[in-house]
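Chemist: This is the structure I want to talk about, given as structure tokens.
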Amino acid sequence: MKIVKFYEKLLNEIEADVEIIIVVAKNFDQRFVDEYHDILQKIGFSGEQDETVLLPEHNKLFVGAESISSSDIRSASASAVRALLGTSYKIAKMATYLNHPKCTAVLRAQVEGLLLGGYKFEKYKSKKSDKGLHKIRISLEEYNGFELDIPAVQRTVEKAIKSAEAVNFVRDIVNTAPDDCYPETLASIANSLCKDSKLHCKVLGVKEMEKENMNALLAVGRASRHEPKLIHLSYRPENPKAVVSIVGKGLTYDSGGLSLKPSDFMVTMKADKSGGSAVLGILKAVYSLNLPIEVHGFIGAVENMIGGDAYKPDDVLVAKNGKTIEVRNTDAEGRLVLADVLCYAQEQVKADYLFDLATLTGACVVGLGNYTIGVMGYNNEPVSQVLYASNTLSGEMAASLPFNRYLKKTLKSEIADICNISNTRYGGAITAGMFLGEFIDEHHKDKWAHLDIAGPAFVEHTWGENPHGASGAGVRTIVRLLEKLARGDSHGSS
Ligand code: BES
Ligand code: ZN
Ligand code: ZN
């Protein structure tokens, strides 16, 4: 499902094969639903969040939403499209849902939900399915009867489409098998984004990275047949309102290295490139939305493998900034890659904000669950910007994991400046974050936030607007944050 269009027409004037109706707060007496009150009750539809029922003889699909908040409407819209995936309906129509006459935020959520929920990954299916919706037409007829500000609505729909497209673009990359998507592949995707002079791409190979003393990253990539790459993608509009650097962990496969993962834990590790892939999607969105923010994406694209040339527990690595790292576990490789890429990014660009996105720790998944991004850093400002953009604007969820000096001590090494793992079983997401903190310079200390996306990056069981597979975690949060910086306001709407 790729096309959502807004029509300046009433619902019954729009042609479609099926109509999607959201039942808000179990209110069966509302406009659009009233007529079907009895039949819905008879077949036991209770209007729970994301519950769907299709009345084929009426060509109507009903879906429940607990409230008319953005997150409930986003999830309900996604569930509706998913419920129609196996059907032969091609074109659907829907009304508009707003909770305030002047605020189109819920409309953005609705469009995003439709596009994200309708995502399919069929690259490896020998027969592509033609089932499921192809188009959705949204009417100006409004659930609450508010009068719509059409130009505002058009702008909102456009923003929703562009950010959802960026998320789905990332999902395609992350879902691609590790033998088809390796560091060079990420570099060529980055290059293919640079269609005009506003986007620029520079790729460093092993030789260039050796010159940059990126020995930690190079050690991780050494046993792979695919050479590691450092990708620097930059977007430079005229008169930018801020300069933002975003660093991504792009482990195209994480076998664990010599500290090999058990088989069950290795499956899905193609998704260890989620942070780096999110950076590609963010740059794509920023470019297509034409945001007045200078954005630099830095991706450490590496494959962590085993072999005679592999780096080892007991090795001591010298990172780009000269710090020495005792390797005690080759599966804690993401922080080694990021250490060097963070140093490189800070040397290249003095940013107003520095974010990194990484599927960094299983501990973050244990602590926060599969749905929530862990946000860490030294200073409250970038961390609170991320929390607000995520929880209030984007439809993603994020929680703060605070650093402390006691956990910091657990990273001490007897023989080097720092260990790549802590000496405690607990607080692993925070210790990984504090390890990264060792590679943040004075200028960027209060400008940096680390996003551990290990939980939500890969979806094993469909939830909300996220079907099975890669979710594109982090893209919507950072895009919303950048939109907010572009507006220069403290509270955003659509
Ligand atoms: N890529 C993993 C983290 C991960 C785990 C992401 C589960 C997504 C789902 C990372 O490189 C890793 O293996 N981390 C280790 C660190 C440990 C050795 C200190 C972990 O979390 O087990
Ligand atoms: Zn690992
Ligand atoms: Zn990893």
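Chemist: Once you charge only the Cβ atoms, +1 for Lys and Arg and -1 for Asp and Glu, what is the size of the charge dipole of the stretch 3-161 about its Cα centre, to the nearest 20 debye?
Modeler: 960
Chemist: What nm distance separates the two modelled labels at Lys323 and Leu10, each placed 7 Å from Cα along Cα→Cβ?
Modeler: For Lys323 paired with Leu10, the spin-label model returns 6.5 nm.
Chemist: If you average the C-alpha positions of the stretch 21-48 and of the stretch 257-308 separately, how far apart do those two centres end up, in angstrom?
Modeler: Taking the Cα centre of the stretch 257-308 as reference, the centre of the stretch 21-48 is 43 Å away.
Chemist: Between 0 and 90 degrees, rounded to the nearest ten: what's the tilt of helix 150-175 against the longest Cα principal axis of the chain?
Modeler: Relative to the chain, helix 150-175 is tipped by roughly 50 degrees.
Chemist: Could you let me know the centre-to-centre spacing of the stretch 127-154 and the stretch 192-208, using Cα atoms, in angstrom?
Modeler: Cα centres, the stretch 127-154 to the stretch 192-208: 37 Å.
Chemist: Additional query: With the full set of protein chains in place, find how many percent of the accessible area of the stretch 12-95 is carbon and sulfur; take the probe as 1.4 Å.
Modeler: Roughly 45 percent, rounded to a whole number.
Chemist: Taking 0.36 nm per residue of separation and subtracting the Cα-Cα distance, what length does fully extending Asp417 through Lys261 add? Don't jump to the answer; show the numbers that get you there.
Modeler: Numbers: separation 156, 0.36 × 156 = 56.16 nm, distance 2.63 nm.
Extra length from Asp417 to Lys261 when fully extended: 53.5 nm.
Chemist: What size of dipole, in debye to the nearest 20, comes out for the stretch 1-93 about its Cα centre when the only charges are +1 on Lys and Arg C-beta atoms and -1 on Asp and Glu C-beta atoms?
Modeler: 400
Chemist: At 1.4 Å probe radius, can you tell me the per residue accessible area of the chain in Å²?
Modeler: For the chain, the per-residue accessible area is 40 Å².
Chemist: Computing the accessible area with a 1.4 Å probe over protein heavy atoms, can you report the carbon and sulfur percentage for the stretch 181-487?
Modeler: That share works out to 49 percent.
Chemist: Can I ask one more? Of Ala470, Val318, Ile21, which is farthest on the positive side of the dipole of the chain, counting Cα position, with +1 on Lys and Arg Cβ, -1 on Asp and Glu Cβ, and the Cα centre as origin?
Modeler: Of the candidates, Val318 comes out farthest on the positive side.
Chemist: Tell me, in nm to one decimal, what length is gained between Lys120 and Ile43 on full extension, where the rule is 0.36 nm per residue of separation less the Cα-Cα distance?
Modeler: The Lys120-Ile43 span can extend by a further 24.7 nm.
Chemist: I've got another one for you. Taking amide H positions as placed in the peptide plane 1.01 Å from N, state which residues far from Ile21 in sequence (5 or more) or on other chains have amide H under 5 Å from it.
Modeler: For Ile21, the qualifying residues are Leu61, Phe62, Val63.
Chemist: Which residues in the stretch 238-253 place their backbone N less than 19 Å from a point set 7 Å from the Cα of Glu381 along the Cα-to-Cβ direction?
Modeler: 240-247
Chemist: Nearest 20 debye, what's the magnitude of the dipole of the stretch 181-487 about its Cα centre given +1 on Lys and Arg Cβ and -1 on Asp and Glu Cβ?
Modeler: For the stretch 181-487, the charge dipole is close to 400 debye.
Chemist: Something else now. What fraction of the Cα pairs in the chain, stated in percent, has a spacing above 36 angstrom? Can you show the working numbers first?
Modeler: Working: 38056 of 121771 pairs.
Of the Cα pairs, 31 percent sit more than 36 Å apart.
Chemist: For the stretch 140-189, build the charge dipole from Cβ charges (+1 Lys, Arg; -1 Asp, Glu) around the Cα centre, then report which of Ala187, Val167, Asn144 sits farthest towards its positive end.
Modeler: It is Ala187.
Chemist: Still on this model: Once ligands and nucleic acids are excluded and a 1.4 Å probe is used, how much of Phe32 is accessible, expressed in Å² to the nearest 10?
Modeler: 40
Chemist: Kindly express, to the nearest 10 degrees and within the range 0 to 90, the angle between helix 274-288's C-alpha long axis and the longest C-alpha principal axis of the chain.
Modeler: 60
Chemist: Kindly rank 110-116, 53-59, 240-246 from highest to lowest mean number of other beta carbons found within 10 Å of each residue.
Modeler: Working: 110-116: 27.9, 53-59: 13.9, 240-246: 21.1.
Sorting 110-116, 53-59, 240-246 by mean packing, highest first, produces 110-116, 240-246, 53-59.
Chemist: By how many degrees, 0 to 90 and rounded to 10, does the Cα axis of helix 105-117 deviate from the longest principal axis of the chain?
Modeler: Rounded to the nearest ten degrees, it is 70.
The values are calculated or read from the model by the stated rules, or taken from the named source; none is laboratory data. Every value quoted in this text rests on a predicted model; they were computed, and no experiment measured them. A quick note on method: Cβ atoms are made from the backbone with ideal geometry, for glycine too, and the neighbour counts reach across all protein chains shown. The protein model used for the area step is the full one, side chains on, heavy atoms only, and it has no ligands, DNA or RNA in it. Shrake-Rupley method; radii C 1.70, N 1.55, O 1.52, S 1.80 Å.
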